[in-house]
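Have a look at the structure below before the remarks.
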Amino acid sequence: MSSDEQNIVVSPAPEFPAADIRWMEYAISLAAKGEALGEVPVGAVIVKDGAILGEGFNQPITANDPTAHAEIVALRQAANHIRNYRLIDSTIYVTLEPCTMCVGALVHARIARLVFGTTEPKAGAVVSKSQLLDNDYFNHRVDYSNGLLASRCQHQLSEFFALRRAQKRKEKLAGRE
């Protein structure tokens, strides 16, 4: 073992309650619904006191709506469900780290807690590219945790993009014939 390998400290995965695991598994199943429609597989569910207020999966392509990210779909459904745009004391479970638009919506909706599965290195606005929820200029604080079922969430996305790339290669080769 090299000296560099000896100096690496691996943090244990954070402990999550069984309810968090159950809700993230549900979000993963929602992501699969979006994937079946050809959408990037991201799922979100909003829960308060053990009950679902709203849920969604990515659907900007099928809905012709650039804002139809899983989080936004779930927020809209939850707000309609309780007839209030403030989703106080609610938790949102999302399979992928939210983007800037979605983080802003979570703050405006007064979501209490965000739990997400895997990070989004290109556009994540919580821990990856930006750390928006760590800033003190928002008028509401959203607590967050990440890494819940991260490998499953990442695998779902990786498989989707691998299949998409293979399909594009196949189409390109078919076009040459």
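The requirement of being within 29 Å of GLY50 (Cα to Cα) and in contact (Cβ under 8 Å) with a residue 60 or more places away in the chain is fulfilled nowhere in the stretch 101-110; no residue meets it. In the set (1) within 17 Å of ILE46 (Cα to Cα); (2) surrounded by fewer than 12 Cβ atoms within 10 Å (Cβ to Cβ); (3) of a type in the set (A, V, I, L, M), ILE92 fails one condition alone, (2). Taking the criterion of being in contact (Cβ under 8 Å) with a residue 60 or more places away in the chain and not hydroxyl-bearing (Ser, Thr, Tyr), the residues of the stretch 47-99 that qualify are VAL94, LEU96. The residues of the stretch 129-172 that are open to solvent by 100 Å² or more (accessible area, probe 1.4 Å), modelled with pLDDT under 95 and part of a helix (DSSP H, G or I), listed by number, are LEU163, ARG165, GLN167, LYS168, ARG169, LYS170, GLU171, LYS172. Kindly check whether there is at least one residue in the stretch 82-92 that is hydroxyl-bearing (Ser, Thr, Tyr) and in contact with a strand residue (DSSP E or B) (Cβ under 9 Å, 6 or more places away or on another chain). Yes.
Taken over the stretch 25-52, residues that are open to solvent by less than 60 Å² (accessible area, probe 1.4 Å) and of a type in the set (Ser, Thr, Tyr) amount to 1.
The values are calculated or read from the model by the stated rules, or taken from the named source; none is laboratory data. Values in this document were obtained by computation on a predicted structure and should not be read as measured data. Every residue, glycine among them, receives a Cβ derived from its backbone with ideal geometry; neighbour counts consider all protein chains shown. Each accessible area value is taken on the protein alone, full model and side chains, heavy atoms only, with ligands, DNA and RNA left out. Shrake-Rupley method; radii C 1.70, N 1.55, O 1.52, S 1.80 Å.
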